[in-house]
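Asker: This is the structure, below, for whatever I ask next.
The values are calculated or read from the model by the stated rules, or taken from the named source; none is laboratory data. Computed from a predicted model, the values in this text were never measured in an experiment. A quick note on method: Cβ atoms are made from the backbone with ideal geometry, for glycine too, and the neighbour counts reach across all protein chains shown. Accessible surface is based on the protein model in full, side chains and every heavy atom, while ligands, DNA and RNA are left aside. Shrake-Rupley method; radii C 1.70, N 1.55, O 1.52, S 1.80 Å.
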Amino acid sequence: MGVEEWLLTPAGRDNPATRVDRRHRDGRAFTAGNDVRPLVHGGSYFPELLRCVRQQRAGDLLVFTDWRGDPDERLLGAGTEISAVFAEAASRGVIVKGLIWRSHLDRLAFSEQQNRHLGEEIEAHGGECLLDMRVRAGGSHHQKFVVLRHPGRPELDVAFVGGIDLCHSRNDTAAHHGDPQPQPIAPVYGPTPAWHDIQLAVRGPAVGDLETVFRERWEDPQPLTRNPVDRLSELARRDDHRAGPLPEQLPDPAPRGTSLVQVLRTYPRLGLGRAYPFAPNGERSVARAYTRVLERAHGLVYVEDQYFWSSEVVGCFARALAADPQLRLIVVIPHHPDQSGRLALPMNLVGRQDALDDVRAAGGDRVAVYGVENHAGTPVYVHAKVCVVDDVWASVGSDNINRRSWTHDSELSCAVIDEEFDDREPRVVDRFDHGARRFARDLRLQLAREHLDRAPDDDGDLVGPVDAFRAFAESAARLQAWYDAGRRGDRPPGRLRPYVLPRLSRATRSWARPLYRALADPDGRPRGLRHGDRF
């Protein structure tokens, strides 16, 4: 079995309407020869985005999508506000096009001087940003990516894709002191919430696939919103306009690395007479990819996720654990939900309780779940969406492990398999083993070193799945013991503590679960697939 068996085929994506796969002359649903670099935290991503945008000149192309965009969010200090940086690019003649989910304008959050959303300043300088509400009822556009193209300079082409929005609270670092421009969440996280997140920098042919994702949405002829109040408001402000033309798409950048990259997405089936022309029945390649890969898992599945909800979604994890008694699962999630209200808290917990009960029933003590804190003991909000399977396949994107992300909202991630082997021992060998791959293993070890307070070269005991599982457990146990002893003496190294789920009473679950399913974690599949684990 070749390593390509870990990736979806075009038929496996089950969306013949998309150009993402049809554009490949070799008939595959992924590209080879990519250079992929993880940018862990906004403090790594934002300066690199700034550097790359400032290299652009007249005739270059900058396209982006965002769930939320705060115009005054600084990429690297004063004068690098995101709206100013993109507007300056437009002023230089860069073609700037953006799609922002309509529901997060937040016009009242700034002073009068700043009282304009991300798109207004860009448009004032010649760019174009659309407020996109072409979603399923109760849904959102959750994709977060930027693509930069350079006619005549393809070596500069790059796409940034992952979980980091261009907004407040995202510009944190591994020290986890939080973004000085915070967005308040649950009070337990403090006034400047510490934020753990990841974006990828992708260079090579996959940039063309990611640009195609943007083009498909940009060229969608549906009205940007069907809400009559919103449409009247647009007419009153004279900003009811259709998307302007994009320049002809350039050839894909030449191969420049060793990674296979597969673009994975979620789009819902819109219904009510509406349909995405590029996904008329929706697309659930994120879910299908997880299902395919976890059938091959045999050593260690490492997950960082904002939610980890829903029995239907984690069923593929539970089945993998039940099928292989050697498989282990590490999950890193927020200690506390980002909302703490009387209604919001139970809705946030009931889906997680079901999910954790299921994987623990399947895997027993081979399942470990942790939350993260900084050295001051303040919890860190885990917003990352990462999965590494057997140090072969890695996924980073906007999609959480819940039903909303796998069926209902628009999502985008990249699955990466490096064709370069990592020859560090030990290896797990069975019929599926292809040897650890450098990108997946390096990503897992980088994240592990941060959480365990390790130096860059101190990860020899984290390579093997059994050793890594034990090292996480021992570090978290030491830190928890220090707390249990009244925090006497020096705080032990490490930032993980065992996740403790507040148990909901049966009565609370009885009213919280229907609200959770309807509001927090809705189902966007065609009716015949709902309420099951078929995606």
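Asker: Ala394: within 14 Å of the chain's Cα centre (by Cα), modelled with pLDDT of 95 or more and more than 17 Å from His142 (Cβ to Cβ), yes or no? Walk me through how you get there before you give the answer.
Answerer: Values: within 14 Å of the chain's Cα centre (by Cα): yes; modelled with pLDDT of 95 or more: yes; more than 17 Å from His142 (Cβ to Cβ): yes.
Here the answer is yes, as Ala394 does meet what is asked.
Asker: Here is a follow-up. Please find, within the stretch 301-342, the residue that is most open to solvent (accessible area, probe 1.4 Å) out of those that are touching an Asp or Glu at 6+ places or on another chain (Cβ under 6 Å) and in a helix (DSSP H, G or I).
Answerer: Ser311
Asker: Quick one: would you say Val213 is open to solvent by less than 10 Å² (accessible area, probe 1.4 Å) and not in a loop (DSSP other than H, G, I, E, B)? Let's see the steps before the verdict.
Answerer: Values: open to solvent by less than 10 Å² (accessible area, probe 1.4 Å): yes; not in a loop (DSSP other than H, G, I, E, B): yes.
Yes.
Asker: Where residues in the stretch 477-516 are of a type in the set (S, T, N, Q) and at pLDDT below 95, which of them is least open to solvent (accessible area, probe 1.4 Å)? If you could, list the steps in order and put the result at the bottom.
Answerer: The first filter runs over the stretch 477-516 and keeps only residues of a type in the set (S, T, N, Q), leaving 480, 505, 508, 510.
Pick out the ones that are also at pLDDT below 95 and you get 505, 508, 510.
Numbers: Ser505: 60, Thr508: 34, Ser510: 78 Å².
Out of the qualifying residues, it is Thr508.
Asker: What residue, among those in the stretch 251-291 that are in a loop (DSSP other than H, G, I, E, B), under 19 Å from Asp26 (Cβ atoms) and in contact with a helix residue (DSSP H, G or I) (Cβ under 6 Å, 6 or more places away or on another chain), is most open to solvent (accessible area, probe 1.4 Å)?
Answerer: As a first pass, look at the stretch 251-291 and keep what is in a loop (DSSP other than H, G, I, E, B): 251-258, 268-270, 272-273, 275, 277-278, 280-282.
Next, only the ones that are under 19 Å from Asp26 (Cβ atoms) stay: 251-258.
Now restrict to residues that are in contact with a helix residue (DSSP H, G or I) (Cβ under 6 Å, 6 or more places away or on another chain): 252-253.
Working: Asp252: 58, Pro253: 7 Å².
Among them, the one singled out is Asp252.
Asker: Also, quick follow-up: How do the strands (runs of 3 or more DSSP E) wholly within the stretch 372-427 filter down when requiring 1 or more residues that are among the charged types (D, E, K, R) and buried (at least 24 other Cβ atoms within 10 Å of the Cβ): which remain?
Answerer: Numbers: elements: 380-382, 386-389, 393-397, 411-418.
Output list reads 411-418.
Asker: Something else now. Please work out which residue is modelled with the highest pLDDT, limiting yourself to the stretch 71-104 and to residues that are hydrophobic (A, V, I, L, M, F, W, C), open to solvent by 20 Å² or more (accessible area, probe 1.4 Å) and in a strand (DSSP E or B).
Answerer: Here the answer is Ile95.
Asker: Pull up the stretch 177-193, narrow it to residues that are in contact (Cβ under 8 Å) with a residue 60 or more places away in the chain, surrounded by fewer than 24 Cβ atoms within 10 Å (Cβ to Cβ) and touching a Phe, Trp or Tyr at 6+ places or on another chain (Cβ under 8 Å), then point me to the one that is farthest from Arg265 (Cα to Cα).
Answerer: Tyr189
Asker: Right, another one. Please list, ordered by first then second residue, the pairs with beta carbon atoms under 6 Å, 6 or more apart or interchain, first in the stretch 16-27 and part of a helix (DSSP H, G or I), second hydroxyl-bearing (Ser, Thr, Tyr).
Answerer: Once the first residue is part of a helix (DSSP H, G or I) and sits in the stretch 16-27, its partners that are hydroxyl-bearing (Ser, Thr, Tyr) give Arg19/Thr212; Val20/Thr212.
Asker: I need the full set of residues from the stretch 126-156 which are over 27 Å from Ala520 (Cα atoms) and open to solvent by 50 Å² or more (accessible area, probe 1.4 Å), in order please.
Answerer: Of everything in the stretch 126-156, those that are over 27 Å from Ala520 (Cα atoms) and open to solvent by 50 Å² or more (accessible area, probe 1.4 Å) turn out to be Gly126, Pro151, Gly152, Pro154, Glu155.
To keep it simple, each residue is scored yes or no on (1) crowded, with 21+ Cβ neighbours inside 10 Å; (2) out of contact with any strand residue (DSSP E or B) (no Cβ under 8 Å at 6 or more places or on another chain); (3) among the aliphatic types (A, V, I, L, M).
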{"site": "Val3", "(1), (2), (3)": "no, no, yes"}
{"site": "Trp6", "(1), (2), (3)": "yes, no, no"}
{"site": "Val20", "(1), (2), (3)": "yes, no, yes"}
{"site": "Arg28", "(1), (2), (3)": "no, yes, no"}
{"site": "Arg37", "(1), (2), (3)": "no, no, no"}
{"site": "Tyr45", "(1), (2), (3)": "yes, no, no"}
{"site": "Gln56", "(1), (2), (3)": "yes, no, no"}
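Asker: May I ask you to verify whether Arg107 is open to solvent by 30 Å² or more (accessible area, probe 1.4 Å), at pLDDT below 95 and either at negative phi or not acidic (Asp, Glu) (or both)? Before you say what the answer is, go through the steps one by one.
Answerer: Working: open to solvent by 30 Å² or more (accessible area, probe 1.4 Å): yes; at pLDDT below 95: yes; either at negative phi or not acidic (Asp, Glu) (or both): yes.
Yes.
Asker: If only one of Arg444, Arg454 is modelled with pLDDT of 95 or more, under 30 Å from Gly12 (Cα atoms), within 26 Å of the chain's Cα centre (by Cα) and surrounded by 13 or more Cβ atoms within 10 Å (Cβ to Cβ), which one is it? Don't jump to the end; show me each part of the working.
Answerer: Values: Arg454 fails: under 30 Å from Gly12 (Cα atoms).
None of the others qualify; the one that does is Arg444.
Asker: On the given criteria, is Glu123 outside any loop (DSSP other than H, G, I, E, B), free of Cβ contacts under 8 Å to residues at least 12 places away in the same chain and open to solvent by 20 Å² or more (accessible area, probe 1.4 Å)?
Answerer: Details: outside any loop (DSSP other than H, G, I, E, B): yes; free of Cβ contacts under 8 Å to residues at least 12 places away in the same chain: yes; open to solvent by 20 Å² or more (accessible area, probe 1.4 Å): yes.
Yes.
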